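Below: one structure, written as C-alpha coordinates.
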Amino acid sequence: MPGLDALIALKDRAKEVRERFVVSRSSEIPHDSAVQYEEFELGAAKVGAAGQQWAEGALDEEMEREKPPLRKIDQYMPPDCPCCNMTKRFTMAILASIGFLISFGIRCNMGVAVVQMTANRTDNGEREIDWSDDIVGVVDSSFFWGYLVTQVPGGLIASRFPAHRVFGTAITTSSLLNMLFPGASRLHPAAAMAVRILQGLVEGVTYPACHGIWRNWSPPLERSRLATMAFCGSYAGAVLGMPLSAWLTEGIGWPAPFYFYGVAGVTWGFFWYWLAFEKPSKHPTISAREQVYIEESLGKQPTSQPTFASTPWRAFATSMPVWAIVVANVARSWTFYLLIISQPTYFSEVFHYKVAKSGTLSALPHLVMTIVVPFGGQLADYFRKNNILSTTNVRKIFNCGGFGLEALFLLVVAFTRETTVAISALTLAVGFSGFAISGFNVNHLDIAPRYASILMGISNGFGTLSGMICPIVVEEFTKQGTAAEWQVVFLIASIIHFLGITFYGIFASGELQPWAEPPPEEAAPGDAAPKETTPAVGGVGGVGGVVGGVTGVGGRRASLMASWRPMAP
(Lines give C-alpha, C1' and ligand atoms only; values in the text may rest on other atoms or scores of the structure.)
Protein backbone atom coordinates (compact mmCIF):
# COMPACT_ATOMS: atom_id res chain seq x y z
CA MET A 1 0.00 0.00 0.00
CA PRO A 2 1.73 3.20 -1.16
CA GLY A 3 -0.02 5.35 1.44
CA LEU A 4 1.03 3.07 4.31
CA ASP A 5 4.63 2.86 3.02
CA ALA A 6 4.80 6.66 2.86
CA LEU A 7 3.50 6.91 6.41
CA ILE A 8 6.12 4.44 7.70
CA ALA A 9 8.88 6.32 5.87
CA LEU A 10 7.71 9.61 7.37
CA LYS A 11 7.73 8.06 10.87
CA ASP A 12 11.29 6.73 10.38
CA ARG A 13 12.43 10.11 9.13
CA ALA A 14 10.94 11.85 12.21
CA LYS A 15 12.67 9.33 14.50
CA GLU A 16 16.00 10.04 12.78
CA VAL A 17 15.62 13.80 13.26
CA ARG A 18 14.64 13.30 16.91
CA GLU A 19 17.65 11.10 17.65
CA ARG A 20 19.97 13.66 16.07
CA PHE A 21 18.43 16.39 18.21
CA VAL A 22 18.85 14.29 21.39
CA VAL A 23 22.55 13.69 20.73
CA SER A 24 23.25 17.36 19.93
CA ARG A 25 21.21 18.53 22.92
CA SER A 26 23.04 16.25 25.38
CA SER A 27 26.46 17.23 24.01
CA GLU A 28 25.71 20.90 24.67
CA ILE A 29 25.11 20.33 28.41
CA PRO A 30 28.33 20.81 30.38
CA HIS A 31 29.30 18.25 32.99
CA ASP A 32 27.97 18.97 36.52
CA SER A 33 26.24 22.15 35.42
CA ALA A 34 22.94 23.66 36.44
CA VAL A 35 20.47 23.32 33.59
CA GLN A 36 17.98 26.09 32.89
CA TYR A 37 14.84 24.24 31.95
CA GLU A 38 11.95 26.35 30.72
CA GLU A 39 10.94 28.81 33.45
CA PHE A 40 12.26 26.70 36.34
CA GLU A 41 15.77 26.52 37.72
CA LEU A 42 16.19 22.83 38.42
CA GLY A 43 18.76 20.83 40.31
CA ALA A 44 22.25 20.11 39.06
CA ALA A 45 22.30 17.12 36.71
CA LYS A 46 25.22 14.89 35.94
CA VAL A 47 25.20 14.21 32.26
CA GLY A 48 27.67 12.62 29.89
CA ALA A 49 26.25 9.19 29.24
CA ALA A 50 23.27 10.08 31.39
CA GLY A 51 22.70 13.29 29.44
CA GLN A 52 21.28 11.51 26.47
CA GLN A 53 19.13 9.32 28.74
CA TRP A 54 17.77 12.43 30.48
CA ALA A 55 17.04 14.19 27.19
CA GLU A 56 15.30 11.15 25.79
CA GLY A 57 13.29 10.77 28.99
CA ALA A 58 12.32 14.44 28.91
CA LEU A 59 11.20 14.25 25.32
CA ASP A 60 9.35 10.99 25.90
CA GLU A 61 7.63 12.59 28.90
CA GLU A 62 6.62 15.63 26.87
CA MET A 63 5.42 13.57 23.91
CA GLU A 64 3.95 10.48 25.51
CA ARG A 65 2.64 11.41 28.95
CA GLU A 66 -1.02 10.62 29.38
CA LYS A 67 -3.19 13.72 29.37
CA PRO A 68 -6.76 14.15 30.63
CA PRO A 69 -9.48 14.23 27.96
CA LEU A 70 -10.24 17.60 26.43
CA ARG A 71 -13.49 19.32 27.30
CA LYS A 72 -15.64 20.54 24.43
CA ILE A 73 -14.53 24.13 24.91
CA ASP A 74 -10.87 23.05 24.87
CA GLN A 75 -11.25 21.79 21.30
CA TYR A 76 -11.97 25.35 20.17
CA MET A 77 -10.23 27.39 22.88
CA PRO A 78 -7.27 25.63 24.56
CA PRO A 79 -7.06 26.61 28.26
CA ASP A 80 -4.00 28.81 27.87
CA CYS A 81 -3.90 32.43 29.03
CA PRO A 82 -4.44 34.47 25.84
CA CYS A 83 -2.54 37.55 27.06
CA CYS A 84 0.88 36.04 27.89
CA ASN A 85 2.78 32.82 28.36
CA MET A 86 2.36 32.35 32.12
CA THR A 87 2.76 29.20 34.16
CA LYS A 88 -0.54 27.55 35.03
CA ARG A 89 -0.17 28.08 38.78
CA PHE A 90 0.59 31.76 38.20
CA THR A 91 -2.53 31.99 36.03
CA MET A 92 -4.55 30.44 38.87
CA ALA A 93 -3.16 33.02 41.33
CA ILE A 94 -3.96 35.98 39.06
CA LEU A 95 -7.50 34.76 38.39
CA ALA A 96 -8.10 34.12 42.10
CA SER A 97 -6.86 37.64 42.86
CA ILE A 98 -9.33 39.13 40.35
CA GLY A 99 -12.07 36.99 41.88
CA PHE A 100 -11.36 38.41 45.34
CA LEU A 101 -11.24 41.92 43.87
CA ILE A 102 -14.79 41.46 42.52
CA SER A 103 -15.95 39.82 45.76
CA PHE A 104 -14.78 42.73 47.92
CA GLY A 105 -16.07 45.25 45.40
CA ILE A 106 -19.51 43.69 45.77
CA ARG A 107 -19.31 44.29 49.53
CA CYS A 108 -18.73 48.01 48.90
CA ASN A 109 -21.79 48.46 46.67
CA MET A 110 -24.48 48.93 49.29
CA GLY A 111 -22.44 51.16 51.60
CA VAL A 112 -22.03 53.67 48.76
CA ALA A 113 -25.39 53.30 47.00
CA VAL A 114 -27.58 53.37 50.11
CA VAL A 115 -27.41 57.17 50.42
CA GLN A 116 -28.99 57.67 46.99
CA MET A 117 -31.26 54.65 47.44
CA THR A 118 -32.98 56.22 50.41
CA ALA A 119 -32.85 59.80 49.07
CA ASN A 120 -34.37 59.32 45.60
CA ARG A 121 -37.99 60.43 45.24
CA THR A 122 -40.66 59.12 42.90
CA ASP A 123 -42.99 61.34 40.85
CA ASN A 124 -45.41 61.26 43.78
CA GLY A 125 -42.79 62.74 46.09
CA GLU A 126 -42.34 59.50 48.03
CA ARG A 127 -38.96 57.98 48.72
CA GLU A 128 -38.03 55.26 46.20
CA ILE A 129 -36.64 53.02 48.96
CA ASP A 130 -38.34 53.99 52.21
CA TRP A 131 -35.92 52.51 54.75
CA SER A 132 -35.08 53.84 58.17
CA ASP A 133 -31.49 53.89 59.46
CA ASP A 134 -32.22 50.79 61.52
CA ILE A 135 -33.41 48.86 58.46
CA VAL A 136 -30.34 49.99 56.49
CA GLY A 137 -28.10 48.72 59.27
CA VAL A 138 -29.86 45.36 59.49
CA VAL A 139 -29.82 44.80 55.70
CA ASP A 140 -26.15 45.79 55.46
CA SER A 141 -25.05 43.56 58.34
CA SER A 142 -27.13 40.58 57.17
CA PHE A 143 -24.32 39.71 54.75
CA PHE A 144 -22.12 38.74 57.70
CA TRP A 145 -24.81 36.50 59.18
CA GLY A 146 -24.48 34.21 56.20
CA TYR A 147 -20.72 34.76 55.84
CA LEU A 148 -20.04 33.58 59.37
CA VAL A 149 -22.19 30.45 59.06
CA THR A 150 -20.34 28.91 56.08
CA GLN A 151 -16.73 29.39 57.20
CA VAL A 152 -16.12 25.93 58.68
CA PRO A 153 -18.61 24.10 56.42
CA GLY A 154 -16.91 25.89 53.50
CA GLY A 155 -13.61 24.36 54.55
CA LEU A 156 -15.14 20.88 54.62
CA ILE A 157 -16.82 21.42 51.24
CA ALA A 158 -13.56 22.67 49.70
CA SER A 159 -11.70 19.63 51.02
CA ARG A 160 -14.40 17.21 49.90
CA PHE A 161 -15.09 18.60 46.41
CA PRO A 162 -12.80 20.26 43.82
CA ALA A 163 -11.81 23.52 45.51
CA HIS A 164 -11.57 25.47 42.25
CA ARG A 165 -15.22 24.72 41.48
CA VAL A 166 -16.28 25.74 44.98
CA PHE A 167 -14.38 29.03 44.65
CA GLY A 168 -15.68 29.79 41.15
CA THR A 169 -19.28 28.88 41.97
CA ALA A 170 -19.24 31.05 45.09
CA ILE A 171 -18.12 34.25 43.37
CA THR A 172 -20.25 33.69 40.26
CA THR A 173 -23.35 33.02 42.38
CA SER A 174 -22.70 36.08 44.52
CA SER A 175 -22.42 38.16 41.34
CA LEU A 176 -25.74 36.86 40.04
CA LEU A 177 -27.36 37.64 43.41
CA ASN A 178 -25.86 41.14 43.26
CA MET A 179 -27.88 41.85 40.13
CA LEU A 180 -31.04 40.78 41.97
CA PHE A 181 -30.47 43.20 44.85
CA PRO A 182 -31.97 46.39 43.25
CA GLY A 183 -35.22 44.57 42.45
CA ALA A 184 -35.32 42.93 45.89
CA SER A 185 -34.80 46.33 47.55
CA ARG A 186 -37.79 47.81 45.73
CA LEU A 187 -39.86 44.77 46.65
CA HIS A 188 -39.37 44.62 50.45
CA PRO A 189 -36.55 44.93 53.03
CA ALA A 190 -36.97 41.23 53.84
CA ALA A 191 -36.25 40.35 50.19
CA ALA A 192 -33.12 42.51 50.25
CA MET A 193 -32.01 40.81 53.48
CA ALA A 194 -32.54 37.40 51.91
CA VAL A 195 -30.30 38.32 48.98
CA ARG A 196 -27.58 39.66 51.30
CA ILE A 197 -27.71 36.57 53.53
CA LEU A 198 -27.41 34.30 50.49
CA GLN A 199 -24.44 36.35 49.27
CA GLY A 200 -22.79 35.92 52.65
CA LEU A 201 -23.46 32.19 52.62
CA VAL A 202 -21.81 31.63 49.24
CA GLU A 203 -18.91 34.05 49.80
CA GLY A 204 -18.13 32.45 53.16
CA VAL A 205 -16.50 29.53 51.34
CA THR A 206 -14.11 31.64 49.21
CA TYR A 207 -11.15 31.91 51.60
CA PRO A 208 -11.26 28.23 52.66
CA ALA A 209 -11.63 27.20 49.01
CA CYS A 210 -8.63 29.29 48.01
CA HIS A 211 -6.45 27.37 50.48
CA GLY A 212 -7.92 24.18 49.07
CA ILE A 213 -6.69 25.24 45.62
CA TRP A 214 -3.12 25.79 46.83
CA ARG A 215 -3.12 22.40 48.52
CA ASN A 216 -2.80 20.91 45.03
CA TRP A 217 -1.16 23.71 43.07
CA SER A 218 1.44 25.35 45.31
CA PRO A 219 4.92 23.85 45.76
CA PRO A 220 5.95 24.16 49.43
CA LEU A 221 8.53 26.88 48.75
CA GLU A 222 6.07 28.97 46.71
CA ARG A 223 3.18 29.01 49.17
CA SER A 224 3.78 32.56 50.38
CA ARG A 225 3.99 34.19 46.98
CA LEU A 226 1.06 32.33 45.39
CA ALA A 227 -1.28 32.75 48.36
CA THR A 228 -0.44 36.43 48.90
CA MET A 229 -0.79 37.12 45.19
CA ALA A 230 -4.34 35.77 45.37
CA PHE A 231 -5.20 37.50 48.66
CA CYS A 232 -4.00 40.95 47.53
CA GLY A 233 -7.11 41.10 45.36
CA SER A 234 -9.12 41.49 48.57
CA TYR A 235 -7.35 44.74 49.42
CA ALA A 236 -7.40 45.95 45.82
CA GLY A 237 -11.16 45.34 45.89
CA ALA A 238 -11.49 47.67 48.88
CA VAL A 239 -9.32 50.29 47.12
CA LEU A 240 -11.33 50.25 43.87
CA GLY A 241 -14.75 49.33 45.21
CA MET A 242 -15.58 52.53 47.08
CA PRO A 243 -14.63 55.15 44.44
CA LEU A 244 -15.89 53.05 41.52
CA SER A 245 -19.24 52.40 43.19
CA ALA A 246 -19.51 56.11 44.03
CA TRP A 247 -18.78 57.12 40.43
CA LEU A 248 -21.30 54.66 39.01
CA THR A 249 -23.95 55.72 41.53
CA GLU A 250 -23.48 59.41 40.82
CA GLY A 251 -23.11 59.12 37.05
CA ILE A 252 -25.74 56.48 36.22
CA GLY A 253 -27.84 55.70 39.29
CA TRP A 254 -27.74 53.67 42.47
CA PRO A 255 -28.48 50.28 40.78
CA ALA A 256 -25.47 50.71 38.45
CA PRO A 257 -22.71 49.36 40.77
CA PHE A 258 -24.80 46.26 41.53
CA TYR A 259 -25.23 45.47 37.83
CA PHE A 260 -21.62 46.38 36.97
CA TYR A 261 -20.10 44.05 39.55
CA GLY A 262 -22.67 41.38 38.74
CA VAL A 263 -21.72 41.35 35.06
CA ALA A 264 -18.01 41.53 35.96
CA GLY A 265 -18.35 38.49 38.24
CA VAL A 266 -20.21 36.41 35.67
CA THR A 267 -17.59 37.33 33.02
CA TRP A 268 -14.82 36.37 35.46
CA GLY A 269 -16.61 33.08 36.08
CA PHE A 270 -16.36 32.20 32.38
CA PHE A 271 -12.59 32.75 32.39
CA TRP A 272 -12.21 30.87 35.68
CA TYR A 273 -14.04 27.76 34.47
CA TRP A 274 -12.07 27.93 31.23
CA LEU A 275 -8.57 28.31 32.71
CA ALA A 276 -8.76 26.84 36.24
CA PHE A 277 -8.42 23.15 37.09
CA GLU A 278 -8.50 21.07 40.27
CA LYS A 279 -4.87 19.93 40.09
CA PRO A 280 -1.98 19.86 37.60
CA SER A 281 -2.75 16.32 36.44
CA LYS A 282 -6.24 17.46 35.39
CA HIS A 283 -4.92 20.33 33.23
CA PRO A 284 -4.82 19.26 29.55
CA THR A 285 -2.21 21.79 28.38
CA ILE A 286 0.14 22.14 31.36
CA SER A 287 3.74 21.46 30.42
CA ALA A 288 5.28 18.22 31.67
CA ARG A 289 8.01 20.31 33.30
CA GLU A 290 5.60 22.31 35.46
CA GLN A 291 3.43 19.32 36.31
CA VAL A 292 6.39 17.22 37.44
CA TYR A 293 7.86 20.09 39.43
CA ILE A 294 4.62 20.67 41.35
CA GLU A 295 3.79 17.01 41.93
CA GLU A 296 7.34 16.02 42.89
CA SER A 297 7.57 18.89 45.39
CA LEU A 298 4.21 18.00 46.97
CA GLY A 299 4.90 14.27 47.12
CA LYS A 300 2.28 11.53 46.87
CA GLN A 301 -1.16 12.79 47.83
CA PRO A 302 -3.57 10.78 50.06
CA THR A 303 -6.01 8.57 48.21
CA SER A 304 -9.09 10.15 49.84
CA GLN A 305 -10.20 13.54 51.06
CA PRO A 306 -11.01 14.34 54.71
CA THR A 307 -14.58 13.96 55.87
CA PHE A 308 -16.28 15.34 58.96
CA ALA A 309 -15.70 12.05 60.78
CA SER A 310 -12.03 11.70 59.78
CA THR A 311 -11.12 15.33 60.52
CA PRO A 312 -9.10 15.56 63.79
CA TRP A 313 -11.28 18.18 65.50
CA ARG A 314 -9.85 17.42 68.95
CA ALA A 315 -6.32 17.93 67.64
CA PHE A 316 -7.38 21.29 66.16
CA ALA A 317 -8.80 22.38 69.52
CA THR A 318 -5.67 21.40 71.45
CA SER A 319 -3.04 22.53 68.94
CA MET A 320 -1.29 25.75 69.96
CA PRO A 321 -0.05 26.49 66.39
CA VAL A 322 -3.70 26.44 65.29
CA TRP A 323 -4.68 28.82 68.08
CA ALA A 324 -1.75 31.07 67.16
CA ILE A 325 -3.24 31.45 63.67
CA VAL A 326 -6.71 32.09 65.13
CA VAL A 327 -5.43 34.79 67.52
CA ALA A 328 -3.51 36.49 64.70
CA ASN A 329 -6.61 36.46 62.48
CA VAL A 330 -8.70 38.01 65.27
CA ALA A 331 -6.15 40.81 65.73
CA ARG A 332 -5.91 41.49 61.99
CA SER A 333 -9.67 41.50 61.44
CA TRP A 334 -10.23 43.89 64.35
CA THR A 335 -8.08 46.63 62.80
CA PHE A 336 -9.16 45.88 59.22
CA TYR A 337 -12.84 46.39 60.00
CA LEU A 338 -12.05 49.31 62.31
CA LEU A 339 -10.46 51.21 59.43
CA ILE A 340 -12.89 50.11 56.72
CA ILE A 341 -15.96 51.13 58.74
CA SER A 342 -14.79 53.89 61.09
CA GLN A 343 -11.93 55.73 59.37
CA PRO A 344 -14.12 58.42 57.73
CA THR A 345 -16.01 58.98 61.00
CA TYR A 346 -12.73 59.31 62.93
CA PHE A 347 -11.39 62.04 60.64
CA SER A 348 -14.75 63.79 60.55
CA GLU A 349 -15.19 63.90 64.34
CA VAL A 350 -11.59 64.50 65.44
CA PHE A 351 -10.25 66.70 62.64
CA HIS A 352 -13.55 67.92 61.09
CA TYR A 353 -12.12 66.73 57.80
CA LYS A 354 -14.34 65.42 55.01
CA VAL A 355 -12.11 62.49 54.18
CA ALA A 356 -15.07 60.46 52.91
CA LYS A 357 -15.34 62.83 49.93
CA SER A 358 -11.84 61.92 48.79
CA GLY A 359 -11.92 58.30 47.61
CA THR A 360 -8.22 58.28 46.86
CA LEU A 361 -7.20 59.51 50.30
CA SER A 362 -9.45 57.15 52.24
CA ALA A 363 -8.27 54.22 50.11
CA LEU A 364 -4.56 55.10 50.40
CA PRO A 365 -3.73 52.73 53.31
CA HIS A 366 -5.27 49.75 51.53
CA LEU A 367 -3.60 50.72 48.26
CA VAL A 368 -0.25 50.51 50.02
CA MET A 369 -1.22 47.16 51.51
CA THR A 370 -2.18 45.85 48.05
CA ILE A 371 1.41 46.48 46.97
CA VAL A 372 3.07 45.24 50.18
CA VAL A 373 1.21 41.90 50.42
CA PRO A 374 2.61 40.24 47.24
CA PHE A 375 6.03 41.79 47.87
CA GLY A 376 6.03 40.25 51.34
CA GLY A 377 5.15 36.87 49.83
CA GLN A 378 8.09 37.06 47.44
CA LEU A 379 10.45 38.07 50.24
CA ALA A 380 9.22 35.33 52.59
CA ASP A 381 9.75 32.61 49.99
CA TYR A 382 13.18 34.04 49.11
CA PHE A 383 14.30 33.60 52.73
CA ARG A 384 12.92 30.05 52.83
CA LYS A 385 14.19 28.99 49.41
CA ASN A 386 17.73 30.14 50.15
CA ASN A 387 17.71 28.61 53.63
CA ILE A 388 18.28 32.02 55.22
CA LEU A 389 15.42 31.40 57.65
CA SER A 390 13.36 28.36 58.53
CA THR A 391 9.65 28.35 57.71
CA THR A 392 8.78 28.80 61.39
CA ASN A 393 11.08 31.82 61.73
CA VAL A 394 9.80 33.36 58.50
CA ARG A 395 6.19 33.10 59.69
CA LYS A 396 6.99 34.52 63.13
CA ILE A 397 9.20 37.37 61.91
CA PHE A 398 6.84 38.49 59.16
CA ASN A 399 3.74 38.19 61.33
CA CYS A 400 5.15 39.73 64.51
CA GLY A 401 7.17 42.34 62.65
CA GLY A 402 4.21 43.45 60.54
CA PHE A 403 1.75 43.50 63.44
CA GLY A 404 4.28 45.07 65.80
CA LEU A 405 4.92 48.03 63.51
CA GLU A 406 1.18 48.35 62.88
CA ALA A 407 0.59 48.49 66.65
CA LEU A 408 3.25 51.18 67.06
CA PHE A 409 1.78 53.37 64.33
CA LEU A 410 -1.72 52.87 65.78
CA LEU A 411 -0.33 54.39 68.99
CA VAL A 412 0.79 57.39 66.93
CA VAL A 413 -2.73 57.68 65.50
CA ALA A 414 -4.18 57.50 69.01
CA PHE A 415 -2.16 60.41 70.39
CA THR A 416 -1.70 62.70 67.41
CA ARG A 417 -3.93 65.68 66.71
CA GLU A 418 -2.40 66.50 63.32
CA THR A 419 -4.26 65.40 60.20
CA THR A 420 -1.11 64.78 58.13
CA VAL A 421 0.50 62.73 60.89
CA ALA A 422 -2.67 60.69 61.39
CA ILE A 423 -3.01 59.92 57.66
CA SER A 424 0.68 59.01 57.37
CA ALA A 425 0.59 56.83 60.48
CA LEU A 426 -2.54 54.99 59.31
CA THR A 427 -1.01 54.41 55.88
CA LEU A 428 2.21 53.04 57.39
CA ALA A 429 0.29 50.92 59.93
CA VAL A 430 -1.83 49.22 57.28
CA GLY A 431 1.12 48.96 54.89
CA PHE A 432 3.35 47.17 57.39
CA SER A 433 0.52 44.83 58.33
CA GLY A 434 0.71 43.53 54.77
CA PHE A 435 3.86 41.62 55.71
CA ALA A 436 1.85 39.70 58.31
CA ILE A 437 -0.22 38.10 55.53
CA SER A 438 2.91 36.07 54.71
CA GLY A 439 2.79 34.91 58.33
CA PHE A 440 -0.52 33.77 59.76
CA ASN A 441 -2.58 33.80 56.54
CA VAL A 442 -0.36 31.23 54.81
CA ASN A 443 0.52 29.27 57.95
CA HIS A 444 -2.36 26.78 57.54
CA LEU A 445 -0.62 25.29 54.50
CA ASP A 446 2.56 24.74 56.52
CA ILE A 447 1.17 22.96 59.56
CA ALA A 448 -1.58 20.92 57.87
CA PRO A 449 -1.87 21.17 54.06
CA ARG A 450 -4.43 18.35 54.05
CA TYR A 451 -6.74 20.35 56.35
CA ALA A 452 -5.72 23.85 55.23
CA SER A 453 -9.16 24.78 53.89
CA ILE A 454 -10.85 23.66 57.12
CA LEU A 455 -8.35 25.52 59.30
CA MET A 456 -8.79 28.63 57.16
CA GLY A 457 -12.54 28.39 57.71
CA ILE A 458 -12.06 28.12 61.48
CA SER A 459 -9.58 31.03 61.75
CA ASN A 460 -11.53 33.22 59.33
CA GLY A 461 -14.71 32.49 61.27
CA PHE A 462 -13.13 33.83 64.45
CA GLY A 463 -11.81 36.78 62.47
CA THR A 464 -15.29 37.54 61.15
CA LEU A 465 -16.65 37.52 64.70
CA SER A 466 -13.92 40.00 65.63
CA GLY A 467 -14.91 42.22 62.72
CA MET A 468 -18.56 42.12 63.79
CA ILE A 469 -17.79 42.98 67.42
CA CYS A 470 -15.38 45.82 66.59
CA PRO A 471 -18.00 48.33 65.30
CA ILE A 472 -20.14 47.71 68.38
CA VAL A 473 -17.21 48.48 70.67
CA VAL A 474 -16.34 51.58 68.65
CA GLU A 475 -19.93 52.79 68.89
CA GLU A 476 -19.92 52.34 72.68
CA PHE A 477 -16.64 54.22 73.17
CA THR A 478 -17.34 57.14 70.81
CA LYS A 479 -20.80 58.34 71.81
CA GLN A 480 -19.62 61.96 72.00
CA GLY A 481 -17.12 61.70 69.16
CA THR A 482 -14.31 63.40 71.06
CA ALA A 483 -10.59 62.98 70.43
CA ALA A 484 -10.15 61.35 73.85
CA GLU A 485 -12.75 58.70 73.00
CA TRP A 486 -11.10 57.89 69.68
CA GLN A 487 -7.78 57.70 71.47
CA VAL A 488 -9.16 54.83 73.55
CA VAL A 489 -10.39 53.08 70.38
CA PHE A 490 -6.95 53.08 68.78
CA LEU A 491 -5.27 52.16 72.06
CA ILE A 492 -7.50 49.08 72.24
CA ALA A 493 -6.57 48.15 68.66
CA SER A 494 -2.87 48.57 69.43
CA ILE A 495 -3.09 46.45 72.60
CA ILE A 496 -4.95 43.70 70.70
CA HIS A 497 -2.09 43.62 68.19
CA PHE A 498 0.59 43.46 70.89
CA LEU A 499 -1.24 40.57 72.54
CA GLY A 500 -1.60 38.88 69.18
CA ILE A 501 2.09 39.05 68.31
CA THR A 502 3.06 37.80 71.78
CA PHE A 503 0.84 34.74 71.46
CA TYR A 504 1.87 34.07 67.87
CA GLY A 505 5.56 34.56 68.61
CA ILE A 506 5.44 31.93 71.37
CA PHE A 507 3.16 29.26 69.91
CA ALA A 508 3.29 29.51 66.10
CA SER A 509 5.01 26.85 64.01
CA GLY A 510 5.88 26.34 60.37
CA GLU A 511 6.34 22.58 60.66
CA LEU A 512 3.92 19.85 59.63
CA GLN A 513 1.99 18.77 62.72
CA PRO A 514 1.79 15.07 63.70
CA TRP A 515 -2.01 15.05 63.51
CA ALA A 516 -1.91 16.52 59.98
CA GLU A 517 -0.85 13.20 58.46
CA PRO A 518 -3.74 11.21 56.94
CA PRO A 519 -4.87 8.02 58.70
CA PRO A 520 -2.86 4.93 57.60
CA GLU A 521 -5.77 3.56 55.58
CA GLU A 522 -6.02 6.84 53.62
CA ALA A 523 -2.31 7.56 53.13
CA ALA A 524 -0.73 7.21 49.71
CA PRO A 525 1.44 4.07 49.67
CA GLY A 526 5.17 4.58 50.07
CA ASP A 527 5.19 8.30 50.60
CA ALA A 528 4.32 11.10 52.97
CA ALA A 529 4.02 14.83 53.10
CA PRO A 530 7.01 16.68 51.61
CA LYS A 531 9.44 18.83 53.52
CA GLU A 532 11.39 21.66 51.99
CA THR A 533 15.14 22.12 52.27
CA THR A 534 17.86 24.26 50.77
CA PRO A 535 17.75 24.03 46.98
CA ALA A 536 20.79 23.00 45.01
CA VAL A 537 20.45 25.96 42.67
CA GLY A 538 19.10 29.36 43.63
CA GLY A 539 17.70 30.59 40.36
CA VAL A 540 14.70 32.75 39.65
CA GLY A 541 11.84 31.80 37.40
CA GLY A 542 8.12 31.37 37.06
CA VAL A 543 6.26 33.25 39.76
CA GLY A 544 9.40 34.44 41.43
CA GLY A 545 11.99 31.72 41.61
CA VAL A 546 11.73 28.01 42.30
CA VAL A 547 13.99 25.52 43.91
CA GLY A 548 16.42 23.20 42.30
CA GLY A 549 15.80 20.27 44.62
CA VAL A 550 13.11 19.16 47.02
CA THR A 551 13.68 16.80 49.92
CA GLY A 552 11.12 14.16 50.81
CA VAL A 553 10.74 11.98 53.88
CA GLY A 554 13.99 10.91 55.49
CA GLY A 555 16.11 13.59 53.80
CA ARG A 556 15.87 12.02 50.34
CA ARG A 557 17.11 14.48 47.70
CA ALA A 558 14.80 14.43 44.73
CA SER A 559 16.39 16.36 41.92
CA LEU A 560 13.88 16.76 39.13
CA MET A 561 16.63 16.49 36.56
CA ALA A 562 18.07 13.29 37.98
CA SER A 563 14.82 11.56 38.85
CA TRP A 564 12.72 12.58 35.85
CA ARG A 565 10.00 10.00 35.44
CA PRO A 566 6.47 9.86 34.00
CA MET A 567 3.87 11.13 36.43
CA ALA A 568 0.51 9.47 36.87
CA PRO A 569 -2.28 11.66 35.43
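The values are calculated or read from the model by the stated rules, or taken from the named source; none is laboratory data. Please read these numbers as outputs of a predicted model, since none were measured by experiment. Note that each Cβ is placed from the backbone with ideal geometry, even for glycine, and that neighbours are counted across all protein chains shown. We work out accessible area using only protein heavy atoms, side chains counted, and drop any ligands, DNA or RNA first. Shrake-Rupley method; radii C 1.70, N 1.55, O 1.52, S 1.80 Å.
Number of residues in segment 438-464 that are over 13 Å from the mean Cα position of the chain (by Cα), among the β-branched types (Val, Ile, Thr) and either under 22 Å from Phe383 (Cα atoms) or not in a helix (DSSP H, G or I) (or both) equals 1.
Would segment 129-146 turn up any residue that is modelled with pLDDT of 90 or more, surrounded by 23 or more Cβ atoms within 10 Å (Cβ to Cβ) and of a type in the set (Phe, Trp, Tyr)? Scanning segment 129-146, I find no residue that is modelled with pLDDT of 90 or more, surrounded by 23 or more Cβ atoms within 10 Å (Cβ to Cβ) and of a type in the set (Phe, Trp, Tyr), so the answer is no. Every listed requirement among (1) surrounded by 22 or more Cβ atoms within 10 Å (Cβ to Cβ); (2) at pLDDT below 85 is met by Val322 save one, (2).
Restricted to segment 154-166, and to residues that are out of contact with any Pro (no Cβ under 9 Å at 6 or more places or on another chain) and assigned to a helix (DSSP H, G or I), which residue is least open to solvent (accessible area, probe 1.4 Å)?
Residues of segment 154-166 out of contact with any Pro (no Cβ under 9 Å at 6 or more places or on another chain): 161-162, 164-165.
Among the residues that remain, those that are also assigned to a helix (DSSP H, G or I) are: 164-165.
Numbers: His164: 18, Arg165: 137 Å².
Of everything passing the filter in segment 154-166, His164 is least open to solvent (accessible area, probe 1.4 Å).
Screening segment 331-362 for residues that are of a type outside the set (S, T, N, Q) and touching a Leu at 6+ places or on another chain (Cβ under 8 Å) and picking the one that is modelled with the lowest pLDDT gives Val355. Evaluate the following for Pro257: is it at negative phi, in contact with a strand residue (DSSP E or B) (Cβ under 9 Å, 6 or more places away or on another chain) and surrounded by 23 or more Cβ atoms within 10 Å (Cβ to Cβ)? Against the criterion (at negative phi, in contact with a strand residue (DSSP E or B) (Cβ under 9 Å, 6 or more places away or on another chain) and surrounded by 23 or more Cβ atoms within 10 Å (Cβ to Cβ)), Pro257 does not qualify.
Residue pairs whose Cβ atoms lie under 7 Å apart, sitting 6 or more positions apart in sequence or on different chains, and linking a residue in segment 155-167 that is of a type outside the set (Gly, Ala, Ser) to a partner that is open to solvent by 40 Å² or more (accessible area, probe 1.4 Å), are Leu156/Phe308; Arg160/Gln305; Arg160/Thr307; Pro162/Glu278; His164/Glu278; Val166/Ile157.
Residues in segment 409-427 that are of a type outside the set (Phe, Trp, Tyr), in contact (Cβ under 8 Å) with a residue 60 or more places away in the chain and surrounded by fewer than 19 Cβ atoms within 10 Å (Cβ to Cβ): 3 in all. Exactly one residue out of Phe403, Phe415, Phe383, Phe398 is modelled with pLDDT of 90 or more and either touching a strand residue (DSSP E or B) at 6+ places or on another chain (Cβ under 7 Å) or over 20 Å from Thr228 (Cα atoms) (or both), and it is Phe415.
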